[in-house]
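Reading through the structure tokens given below for one structure.
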Amino acid sequence: MYAFDAKTGNKAWQFDMIPTGSEFGADTWKKASSTVTGGGSMWTSYTLDTDTNQLYISVGNPSPDFAAQYRPGDNLFTNSVVALDADTGEYHHHYQQIPNDDKDYDTSAAPVLYSVDGQKRMAVVTKAGWLFGYNEADESQVFKQAMIKVDNQEKPTTREGTRICPNYSAGSQWSGPSYNPDMKVLFTNAVDWCGIVKLGEVRLIKGQLFFGGSMQLDPANKAVGSTMAYDAATGKPMWRYDLQGVRIVGGVTSTGGNLVLSGDMDGNFYALDAKSGKVLFKDNIDKAPIGGGVSTFDISGKQYMAVAAGNTSKGTAGVKNPGARIVIYSLP
């Protein structure tokens, strides 16, 4: 993680997500040579607490993805949220969601910071299908709530194959939760879809994927995309809106008028009632995949919603992608 002076472009500080030598966490890589190819990438944006000046960074899975025995130990700071001093880059604390991950279950989405019942909380979702809640005062875990089916996650990968739920294309990908402070509710998206993970050869070839195995997406278990609501204090489920056979990987936006806005990979944009999950509006944008979030804004007292559609990732939307476009909706 780097910080740069906005005026000069000079590097202000650096923090290594794969610690080595005398750095904190280096001893969690029991095989020191594995840190050279340790992974720990960052997918998305970060979260800044302007009160404490702490920067929260979500970190992805270790590498090789499926061969955990190649890199024994907890493998910090992979599959973690790391809090740093935004001015200096000094380590403050971290939460690791999955030590020694062997199923490509990145903590990829930016966390959300919120206050509930007088306590400062942090919530984060992962590709493993869990919603985590933490208390920032004592840096403790408050809840760990399964959003979708979770199965065999603790079992090691084998050469014969292990069926797991979800697969690495499911769970929550790059978009984090949204918080409604009036309702004290978290809203988030996730995909329920299983798969079979197999251990394979661990061989690094530059320019090629370094998985140490493979993942087969379960054809018998079709993807189900969901938008869900959870009590922000306890993590208790409140409602869910399911779409059969459709992935929902983009962000979710909640508004002060109690709307929940999102879209799916079949091009459906929808607005839900924040209190019940009831569909209030739904429109298909020419089958163009919606892989990002929804922006809402006000112009001269009228509320608008902007949706980007036409995802261009061939691994996500397929080879025949429709053209990208932005569609604007408005409230009466």
task = Go through 56, 100, 66 and say which Cα lies farthest out towards the positive end of the charge dipole of the chain; charges sit on Cβ, +1 for Lys and Arg, -1 for Asp and Glu.
result = 66
key: Heavy atoms of residue 45: accessible area, 1.4 Å probe, square angstrom to 10   = 80
request  = Starting from the residue with the highest accessible area, list 278, 155 in decreasing order, probe 1.4 Å.
outcome  = 278, 155
Net length gained if the chain between residue 44 and residue 69 were fully extended (0.36 nm per residue, minus Cα distance) = 6.2 nm
Relative contact order (percent, whole number), the chain, Cα cutoff 8 Å, 6+ residue spacing = 10
query = What full-extension length gain, to one decimal in nm, is calculated for residue 7 and residue 92 as 0.36 nm per residue of separation minus the Cα-Cα distance?
reply = 28.0 nm
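Starting from the Kirkwood radius over alpha-carbon pairs of region 2-61, derive D by Stokes-Einstein at 37 °C in a medium of 0.692 mPa s and give it in µm² s⁻¹.
Details: Rh = 13.6 Å.
Value of D from the Cα-based Kirkwood radius: 241 µm²/s.
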ask   = Any idea what the dipole of region 217-304 comes to, in debye rounded to 20, about its Cα centre with Lys/Arg Cβ at +1 and Asp/Glu Cβ at -1?
value = 160
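At 1.4 Å probe size, put 7, 198, 287, 127 in order of accessible surface, largest to smallest.
My answer, sorted largest first, is 7, 287, 198, 127.
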ask   = How would 209, 261, 331, 280 line up by accessible area, probe 1.4 Å, largest first?
value = 209, 280, 331, 261
key: Computed magnitude of the charge dipole of region 1-128 (debye, nearest 20; Cβ of K, R +1, Cβ of D, E -1)   = 220
Accessible solvent surface per residue of region 184-332, calculated while the other protein chains remain in place, 1.4 angstrom probe, Å² = 49
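Quantify, in whole percent, the carbon and sulfur part of the accessible surface of the chain (1.4 Å probe; protein heavy atoms only).
50
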ask   = Just the accessible area for residue 139, please: 1.4 Å probe, Å², rounded to the nearest 10?
value = 80
key: residue 37-residue 214 pseudo-label distance in nm [points 7 Å out on the Cα-to-Cβ vector]   = 1.8
query = Could you work out Rg/(2.2 N^0.38 Å) for region 166-256, with Rg from alpha carbons only?
reply = 1.38
query = Roughly how big is the chain's charge dipole about its Cα centre, with Cβ charges of +1 (Lys, Arg) and -1 (Asp, Glu), in debye to the nearest 20?
reply = 1120
task = Enter the Cα centre distance for the pair region 175-204 and region 64-111, rounded to the nearest angstrom.
result = 15
query = If you average 1/r over all unlike Cα pairs in the chain and invert the result, what Kirkwood radius do you get in angstrom?
reply = 20.8
note = For region 178-332, the convex hull over Cα atoms projects on average to an area in nm² of 12.2
task = Kindly count the pairs of lysines across region 212-332 whose alpha carbons are less than 25 Å apart, treating pairs on different chains or eight or more residues apart as eligible.
result = 14
inquiry  = For a quick check of understanding: with a 1.4 angstrom probe and all protein chains in place, what accessible area in square angstrom does residue 247 have, to the nearest ten?
reply    = 40
inquiry  = I need the peptides 218-226, 106-114 ranked by packing, meaning the mean over residues of other C-beta atoms within 10 angstrom, with the highest value on top.
reply    = 106-114, 218-226
key: Top of 52, 35, 188 by mean-square fluctuation, Gaussian network on the chain, Cα under 10 Å   = 52
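The values are calculated or read from the model by the stated rules, or taken from the named source; none is laboratory data. All values derive from a computational prediction rather than experimental measurement. Because the Cβ atoms are built from the backbone with ideal geometry, glycine has one as well, and the counts that use them run over all protein chains shown. For the accessible areas, the whole protein counts, side chains as well, though only heavy atoms, and no ligand, DNA or RNA atoms are used. Shrake-Rupley method; radii C 1.70, N 1.55, O 1.52, S 1.80 Å.
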